[in-house]
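Heads up, the thing below is written out as structure tokens.
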Amino acid sequence: MDAVQKITSLCKRRGFVFQSSEIYGGWEAAYDFGPLGAEMLRNIRNLWWKEFVHKQPNIVGLDSAIISHPRVWEASGHVESFADAMVEDIKNNKRYRADHIIGEYFEKKNGEEFNADGMSLEELDILIAENNILSPDGNKLSKARKFNSLVEVSIGTLEDAKATAYLRGETCQPIFYNYALVRDSMRMKIPFGIAQIGKAFRNEIKVGPFFFRTREFEQMEMELYVHPSDAENQMAKLKSWAIDWLVSLGIPEDKLRLRDQDFKERAHYNKIATDVEYRFPFGWKEFQGLHYRSDWDLSRHAEFSGTNLDYTDPVTGEKYVPHVVEYSIGLNRLMLVLLFDAYVEEEERVVLKLHPDIAPYRYAVFPLLKNKPELVDKARLIYNTLVTKGYNVAWDDRGNIGKRYYSQDEIGTPYCITVDFQTLEDETVTIRDRDTASQRRLRIDELG
Ligand code: ATP
């Protein structure tokens with residue numbers, strides 16, 4: 001089994017992630033997060049919100065509608081140009097992203113990374129023809145053409161009056177069109193930020209591996225409104241802040257890198273675009289973007305809506321369109337990074353060495369024997385106390401203690417607490433550490 005298969009199998013077996021609609025044969029590129037996956041996502045969301053909203057006096061949150069006025073996506077440029085170049089296998093009509101198929105061809109041939117993202121359709125066609133690049137099934141490929149990624153929905157109650165709208169392609173557009181409402185209602189002064197966590201949808205041509213790229217996913221985004229002269233400075237600060245936060249989650253720095261996109265790759269409105277990449281078993285891949293988006297978004301929304309979105313500096317009186325510096329990370333993709341990073345195989349066990357604040361359970365409580373009511377009652381008491389303190393706690397009274405430890409190791413529970421006969425005498429328990437497997441005795445009132 002390769003690394004992706006191992007993680008996929010563990011996620012299913014232990015209730016982290018399931019293929020969506022499995023009993024109907026599954027639905028491509030859609031996943032459901034099971035009980036432990038839901039806990040992990042919630043923990044990541046909460047940590048992110050705490051860091052990027054609660055701890056920041058100049059950043060506030062937003063929770064906007066997924067389906068907005070369709071003009072929003074015209075203004076943002078998505079209706080016209082949110083598209084990837086696609087090629088089709090001319091025999092079986094399977095579709096591929098042209099930049100991916102070309103990149104994979106050259107990586108195999110030269111053993112080096114090759115980035116075809118941002119090339120024109122003509123350039124892609126030439127590369128495919130000159131190198132005789134075929135589909136994974138060995139067939140010829142069609143010419144490259146653009147494929148829009150916005151997901152359309154037909155909405156309304158009357159059949160003939162239904163409007164075509166879009167599921168949001170990114171969470172930041174509502175942050176832009178709500179800019180003045182948030183600024184005025186919250187009396188925000190530049191520089192200030194608006195953050196949002198929520199679902200985004202893209203009709204991706206190529207999906208996977210596992211839930212790395214899906215058509216429905218969650219983003220955690222923060223848009224900073226700044227004076228144009230301050231933008232590069234804010235961008236530099238954001239880069240080190242982004243890395244510091246990832247490292248605080250336990251991701252080793254040598255598995256992270258910042259990569260500046262070159263001119264061709266960048267969306268035209270981005271003056272600077274830096275990807276944060278992680279070294280997955282399947283290569284260095286982006287899981288976060290930091291972008292200096294200039295005044296593109298606010299200027300376009302001002303133009304399309306006819307609303308003045310200028311900012312007037314309360315001290316100098318200067319009037320200008322704020323520039324935007326963006327932090328954007330995929331919640332699910334970050335979860336995948338954390339799972340790959342935590343997964344360790346040791347001699348007789350598999351361990352998920354997740355940061356304690358991210359692990360689905362903080363503690364597991366075990367009564368040594370399940371047929372001794374005095375042990376079970378005492379263990380229940382400890383379990384309830386820890387839950388009351390705000391921890392998510394697992395309970396296990398089956399089989400031998402060693403097996404229970406291994407079972408918790410595999411889902412990343414940092415600490416297992418065993419209640420035994422000595423507990424009844426001296427109010428101490430055994431606490432066992434996931435990473436070192438070492439055990440010590442602790443007084444019950446020292447827990448939590
Ligand atoms: P990619 O090149 O991987 O398709 P992107 O450059 O289009 O990503 P952005 O638009 O910058 O991505 O989105 C910011 C983040 O949102 C990405 O770094 C990623 O973590 C997440 N993301 C984007 N598309 C998807 C997807 N289809 N599935 C899961 N996460 C995604």
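Just so it is clear, none of the values below were taken in a lab; they were calculated from the coordinates. Here the structure is a predicted model, which is why all the values come from computation and not from measurement. Reconstructed Cβ throughout: ideal geometry from the backbone, glycine too, with neighbour counts over all protein chains shown.
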**OP:** Compute the long axis of helix 121-130 from its Cα atoms, compare it with the longest principal axis of the Cα atoms of the chain, and write down the angle in degrees, 0 to 90, nearest 10.
**Re:** 80
Original post:
Ranked highest first by average number of other Cβ atoms within 10 Å, how do 100-110, 416-426 line up?
Top reply: 416-426, 100-110
**OP:** Compute the long axis of helix 35-49 from its Cα atoms, compare it with the longest principal axis of the Cα atoms of the chain, and write down the angle in degrees, 0 to 90, nearest 10.
**Re:** 60
Subject >> Long-range HN-HN contacts of Ala364 with modeled amide H, under 5 Å >> reply: Ala394, Tyr415, Cys416, Ile417
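Rounded to the nearest 5, what % of DSSP beta bridges with both residues in the range 361-446 are antiparallel? Please report the intermediate quantities before stating the final value.
On the way: 9 of 17 bridges.
Of those bridges, close to 55 percent are antiparallel.
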Original post:
Along the charge dipole of the chain, which of Asn148, Ile205, Gly15 sits closest to the positive end, that is, farthest toward it, with unit charges on the beta carbon of Lys, Arg, Asp and Glu (+1, +1, -1, -1)?
Top reply: Gly15
Subject >> Using alpha-carbon coordinates, inclination of helix 401-411 to the longest axis of the chain, degrees >> reply: 10
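Taking a 32 Å limit on the Cα-Cα distance, which of the listed pairs Lys285/Lys319; Lys199/Lys264; Lys12/Lys239; Lys94/Lys264; Lys50/Lys264 fall beyond it? Don't skip to the answer; put the middle values down first.
Numbers: Lys285/Lys319 40 Å; Lys199/Lys264 28 Å; Lys12/Lys239 35 Å; Lys94/Lys264 27 Å; Lys50/Lys264 36 Å.
Lys285/Lys319; Lys12/Lys239; Lys50/Lys264, as the Cα separations exceed 32 Å there.
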**OP:** In a Gaussian network model over the chain where Cα atoms closer than 10 Å are linked, find which of Asp184, Asp275, Asp433 has the largest mean-square fluctuation.
**Re:** Asp184
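If we sort 299-305, 331-337 on the protection proxy, mean other Cβ atoms within 10 Å, highest first, what's the order?
Numbers: 299-305: 16.7, 331-337: 22.7.
Going from most to least packed, we get 331-337, 299-305.
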Original post:
Arranged from highest to lowest average of other beta-carbon atoms within 10 Å per residue, in what order do the peptides 286-298, 127-139, 12-24 appear?
Top reply: 286-298, 12-24, 127-139
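Under a Cβ-only charge scheme (Lys and Arg +1, Asp and Glu -1), can you give me the dipole magnitude of the range 361-446 about the Cα centre, in debye to the nearest 20?
On the way: 14 positive and 14 negative charges, 40 e Å.
Rounded to the nearest 20 debye, it is 200 debye.
When a/c reaches 1.5 or more, the comparison of a/b and b/c decides; with that in mind, is the range 361-446 rounded, prolate or oblate per its Cα gyration tensor? If you can, show how the numbers build up before the last one.
On the way: a/c = 1.36, a/b = 1.22, b/c = 1.12.
It is rounded, given that a/c, with a ≥ b ≥ c, falls under 1.5.
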Original post:
Given Ile251, Ala267, Gln234, which one lies farthest toward the positive end of the charge dipole of the range 157-313, if we put +1 on the Cβ of every Lys and Arg and -1 on the Cβ of every Asp and Glu?
Top reply: Ile251
**OP:** Please list the non-local residues whose amide H lies under 5 Å from the amide H of Gly169, H modeled 1.01 Å from N, same-chain partners needing a gap of 5 or more.
**Re:** Phe201
Original post:
What are the residues whose amide H is under 5 Å from the amide H of Tyr311, where those residues sit 5 or more places off or on another chain and H is modelled from the backbone?
Top reply: Tyr320, Val321
